[in-house]
1. Pick from TYR74, TYR51: which is at pLDDT 95 or above, surrounded by 14 or more Cβ atoms within 10 Å (Cβ to Cβ) and not in a helix (DSSP H, G or I)?
2. Which members of segment 56-71 meet the condition of being open to solvent by less than 20 Å² (accessible area, probe 1.4 Å) and either in contact with a Ser or Thr (Cβ under 8 Å, 6 or more places away or on another chain) or part of a helix (DSSP H, G or I) (or both)?
3. Within segment 150-172, which residues are under 16 Å from PHE129 (Cβ atoms) and either aliphatic (A, V, I, L, M) or within 21 Å of the chain's Cα centre (by Cα) (or both)?
4. Has segment 94-105 got at least one residue that is touching a helix residue (DSSP H, G or I) at 6+ places or on another chain (Cβ under 8 Å) and touching a residue at least 60 places away in the same chain (Cβ under 8 Å)?
5. Please tell me if ILE122 is surrounded by 15 or more Cβ atoms within 10 Å (Cβ to Cβ), within 12 Å of the chain's Cα centre (by Cα), more than 13 Å from LYS182 (Cα to Cα) and among the β-branched types (Val, Ile, Thr).
6. Given the criteria under 27 Å from LYS115 (Cα atoms) and either buried (at least 16 other Cβ atoms within 10 Å of the Cβ) or not β-branched (Val, Ile, Thr) (or both), does LYS80 qualify?
7. Look at segment 130-157 and say how many of its residues are touching a residue at least 24 places away in the same chain (Cβ under 8 Å), closer than 25 Å to SER110 by Cβ, surrounded by 15 or more Cβ atoms within 10 Å (Cβ to Cβ) and not β-branched (Val, Ile, Thr).
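The values are calculated or read from the model by the stated rules, or taken from the named source; none is laboratory data. On a predicted model such as this, the values are computed, not experimentally measured, just so you know. Neighbour counts run over all protein chains shown; Cβ positions are idealised from the backbone, glycine included. Remember, those area values only see protein heavy atoms, side chains included, never the ligands or the DNA or RNA. Shrake-Rupley method; radii C 1.70, N 1.55, O 1.52, S 1.80 Å.
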Amino acid sequence: MILYEKLKKQYNKKEIRYIFPTMTARDINYNRKKVQVHILAKYIDFKEIGYSSADLAKDYPELKTKYQEFEMVYKIFSMKKNINELKEELGLTDVFDYYLKKGINFNSESPNFYKIIDIFKIPVDYKKFQIDTYSNHIELFGDKEDLINFKEKYGIDHPVLLEPIKNKWHLAFDGFLAEYIKRRIKKIPR
């Protein structure tokens, strides 16, 4: 396993025994069995030992198959957490695991999900739009093509329409992406 090799380059056997629980350290030192990655991630910094998401995919191909949002899963492990720990820390619902498996749904009304945009550094470029905020949704006004691209990039369910009173193209939507944008433009604490 690449992970074991990188650990052994970084640490000697005694240090590995100090860092990990006894049985886990033995499994690593003697290549006995593949330890679950979420257990290893609690004790080590992947970046510190040079363990990349490509390495994770080679060592644990079942994770690459299981999670559409594989890079996010890698980042969670890089934070020395497992999925449930991050979910609890951010106050997310169980749907978080589902989104990691099936893909993020930016239309979701799931509480506190707006926090994952900053945590995972998901780029959201809304600055070229005029934004109107309402209690249950936001409306972006701007160039029709820019709005269509934004809609497609984030899988927004609602259509881009010509707003008759302002006579401008707009995209009205709700969900945690809308909540994130509202909080950013109003500087609501995250």
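1. Matching residue, one of TYR74, TYR51: TYR51.
2. Once the filter is applied, which keeps residues that are open to solvent by less than 20 Å² (accessible area, probe 1.4 Å) and either in contact with a Ser or Thr (Cβ under 8 Å, 6 or more places away or on another chain) or part of a helix (DSSP H, G or I) (or both), segment 56-71 yields LEU56, ASP59, PHE70.
3. PHE150, LYS151, GLU152, LYS153, TYR154, ILE156, VAL160, LEU161, LEU162, LEU171, ALA172 - these are the residues of segment 150-172 that are under 16 Å from PHE129 (Cβ atoms) and either aliphatic (A, V, I, L, M) or within 21 Å of the chain's Cα centre (by Cα) (or both).
4. Checked against the condition, which is being touching a helix residue (DSSP H, G or I) at 6+ places or on another chain (Cβ under 8 Å) and touching a residue at least 60 places away in the same chain (Cβ under 8 Å), segment 94-105 yields at least one hit.
5. No: the conditions fail for ILE122.
6. Criteria met by LYS80.
7. 6
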